[in-house]
Structure formats: structure tokens, C-alpha cells
Amino acid sequence: MTRESRGGEGIGSGAGGVGDAVGWSVVEAAVPELARRVRERFGVHRHHVLATVRKDGAPRLTGLEADFRHGELWLGMMTGSRKAADLRRDPRFSLHANPGPGTDLAGGDVRVSGRAVEVTDPDQVARYAAAVKPPESFHLFRAELTEVVRTSTEPPYLVVETWAPGRGPRTIRRTSNDPARQGD
């Protein structure tokens, strides 16, 4: 049987209507437990999978090191990379945490989506570079999130936790015996 629960309808510190994009610190304030689990999952492995939109509209999947620092989720990439060009042209992205080996979904399967905002302020770039010490010049983007998703198992259920600004948290528990979901 599918079971669904919804939490509150956002927070009062800048989480606007549905579709707005927010920084990582807003996610942490709105849904601290989900944010903690998502951040921990990203922390298990160094490399993750970034989806961007190519010039022709097709998806591009590439590896990326994501970094949670100073209350933000940062996306750093080589100067002149195609993923940077994609994000400059169309800032929409999804970032999927490296699932690691096996099929047990240990720690859950997580993904965040939103818009990437290029950071060009020399002081901000220098602050980031001083902390991260990248091996070469780089493009730096700050993630503004429109959705956070964690999928995990709690036998006999598959559990899908989602959050979006202005919508509040939502949890769906289902089994393979449930009727197919329509919509959403």
C-alpha cells in the first residue's frame, strides 16, 4: 500500500513559492534530517554525476566533485569544460550522488536539482580556492536548489523523500504490489 505524508509548507526565511531556487543553507533549515542524510550520502564518495543540458537540448552526463562549504553546495570544474559551457548557456542541472558498489542502496540514493549560478567575484573565488586548493584554474558555480530527493528502503517499502521550496517535505512509501502511481 502506498503511504504518503507531507510536512509543513516551507519556511519563512526566503523559501518562496513552488519553483523558487534556494541555497543549501535554506534546505538545511527547512528539512534538517533530510539535508543531513543527503549531505552524508554525497560525502561517501568524492566523484558524482552531473547532468546538464547541451546546446541541442540533449542531456550531458559528466563526473564532478561537489563540495558543501560555507552553507552552500559548490560545483567546481575545469576552465573551458563543456559542462561549464552548458551551465553558462542553461543553468539547469541535476546532481546524482555516486551510488557506490552493490545494489543495497546503503545510505539511500540521492539527487539534487536546480540552477547553477556562476561565481566570478574574485574574493569569493579566492576564498573557495584557499579552502579547496584546486590543481588548476577553474569555473565555480553555486547551486540554487529546486528539488532534493532521497530514495531508500525500509522493508517492505521503497521510501522516496522529496523537498522543494514552497512545497514542504513529502514522503512516499510503496511496495511493488502497489498500483502504479499516476501524475506527480
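The values are calculated or read from the model by the stated rules, or taken from the named source; none is laboratory data. Every value quoted in this text rests on a predicted model; they were computed, and no experiment measured them. Glycine also receives a Cβ, built like all others from the backbone with ideal geometry; neighbour counts cover every protein chain displayed. Heads up: the accessible areas ignore ligands, DNA and RNA and are worked out on the full protein's heavy atoms, side chains in. Shrake-Rupley method; radii C 1.70, N 1.55, O 1.52, S 1.80 Å.
A few remarks follow.
- C-alpha long axis of helix 32-44 to longest principal axis of the chain, angle in °: 60 degrees
- Over the chain, relative contact order from alpha-carbon pairs under 8 Å, at least 6 apart, %: 30 percent
- Restriction of the GluC sites (Glu not before Pro) in segment 79-151 to DSSP coil positions whose beta-carbon has at most 11 other beta-carbons within 10 angstrom yields Glu136.
- With N the number of residues in segment 39-135, Rg(Cα) / (2.2 N^0.38 Å) evaluates to 1.12.
- For Val49, the accessible surface of its heavy atoms amounts to roughly 60 Å² (probe 1.4 Å, protein chains only, rounded to the nearest 10).
- More than 23 angstrom apart: percent of Cα pairs within the chain: 46 percent
- Spatial separation of Cα centroids for segment 112-182 and segment 36-66, in angstrom: 9 Å
- Volume of the Cα convex hull of segment 81-184, divided per residue and given in Å³: 170 Å³
- Difference of contour (0.36 nm per residue) and Cα-Cα distance, Lys133 to Leu105: 6.9 nm
- Estimated [θ] at 222 nm from DSSP helical runs (n ≥ 4, -39500 (n - 2.57)) normalised by residues in the chain, nearest 500: -6000 deg cm²/dmol
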